[in-house]
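What follows is a set of notes on a single structure, which appears directly below.
The values are calculated or read from the model by the stated rules, or taken from the named source; none is laboratory data. On a predicted model such as this, the values are computed, not experimentally measured, just so you know. Glycine also receives a Cβ, built like all others from the backbone with ideal geometry; neighbour counts cover every protein chain displayed.
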Amino acid sequence: MTEAQWEIPPLDGAPDIARGRGAGSTLADTRNWAGFGLLGIGGLAAVIAAITSLGGWSEGALFLVVIAVVAVLTGAALVFEQRRKQQQRERSRELNGEVWRQTVPPRV
């Protein structure tokens, strides 16, 4: 290993903005995909329920509305739970100082 592979942490206590979560990081996290999939299914079921209610099939529309509500609530719960877990992981990493242990080589 060469010295060019290691990064020195800021010494003045300045925040490190390069390691923070940026725009689109929630969508890029694959742990959220199950929740986003359920949100999509719920939205699609709501649209189909609206179309079937216009067609005169009120029983089928009611069934699809129930599916849409359950899918949206479950999907939102999954996304928020993963977001809460991610924030807990980041807080514990900051408290333990693991971020800098990975970037500064140990003294030999």
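Within the range 60-82, is there a residue that is within 19 Å of the chain's Cα centre (by Cα) and either modelled with pLDDT under 85 or acidic (Asp, Glu) (or both)? The answer is yes; a qualifying residue exists. Candidates in the range 47-75 are the residues that are touching a residue at least 24 places away in the same chain (Cβ under 8 Å) and surrounded by 15 or more Cβ atoms within 10 Å (Cβ to Cβ); of these, the one that is nearest to residue 30 (Cα to Cα) is 75.
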